[in-house]
Structures are given as structure tokens and as C-alpha cells.
Amino acid sequence: RFLESRHTSNGMKKVKGYTKNGNMFLAWSFVEADNFARGYHAPAKRFYERKKARTNNVVATKALAHKLARACYHILKEGKPFDVARCFA
């Protein structure tokens, strides 16, 4: 959702690309969940700090939000409670 997608060949525009990649409100809500998890959940904060040391703040935030989104998907799909060991192993 952050970059303009452009596909060109020989200076000519070919394909518009993935301009809308996901629901922006859902992405925003997982970033908010990320901010909350960093403050109150030690494994999430540890994951964020390791990722931030290798990249930058925005990439680390989106990576943790993506990890929480995948965990939420599996919670809804399997009907099991959140497993910290599975999420932050």
C-alpha cells in the first residue's frame, strides 16, 4: 500500500499493477494492535527490536503487524486460542 506500482517495457507503460493491495482500515487496525503489543507483550517487543536493529522503524512495525494478522487468521480458522510459542518462535 505504500509504493506506486509501475510496469514499463521500452519506456512504455504496460500494466497498472497492484494499486490497492489489501484493506487499508484492516492494515491500520493491525498497526494499532502492534503498537499496543509492543507496550505490553515482551515477545512482541523483542521481535520488534530485533527487526528494527536490522531495518528501520516502519519496516519493523509493519512486520510485527503482519505477524499479528497471520496469528489472527489462524485463530479464526482453527478456533484455537492465541499461542505465543507458535507466533514468536
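Once the chain from ALA27 to GLU78 is taken as fully extended at 0.36 nm per residue, the excess over their C-alpha distance is 16.2 nm. Each residue of the stretch 67-78 was assigned a 3J(HN,Hα) from its phi angle through the Karplus curve 6.51 cos²θ - 1.76 cosθ + 1.60 (θ = phi - 60°); the sequence is 5, 5, 5, 5, 5, 5, 4, 5, 4, 6, 6, 8 Hz, with glycine and proline shown as x. Relative to the Cα centre, the charge distribution of the stretch 44-89, modelled as +1 at Lys and Arg Cβ and -1 at Asp and Glu Cβ, gives a dipole magnitude of about 180 debye.
When LEU76, LEU26 are compared by accessible area of protein heavy atoms, the largest-first order is LEU76, LEU26, using a 1.4 Å probe.
Electrostatic tally near ARG70: other residues with Cβ closer than 11 Å to its Cβ, Lys and Arg +1, Asp and Glu -1, net +3.
For ARG70 and SER9 in one chain, what is 0.36 nm times their gap in residues minus the Cα-Cα distance, to one decimal in nm?
Details: separation 61, 0.36 × 61 = 21.96 nm, distance 3.53 nm.
Computed gain between ARG70 and SER9 is 18.4 nm.
The simple spin-label model puts a point 7 Å past each Cα toward its Cβ; for ALA53 and TYR40 those points are separated by 2.7 nm.
The values are calculated or read from the model by the stated rules, or taken from the named source; none is laboratory data. Note that the structure is predicted; figures quoted are calculated from it, not measured. Don't worry about glycine lacking a Cβ; one is built from the backbone with ideal geometry, like all the others, and counts go over all protein chains shown. Areas reflect the complete protein model, heavy atoms only, side chains present, ligands, DNA and RNA absent. Shrake-Rupley method; radii C 1.70, N 1.55, O 1.52, S 1.80 Å.
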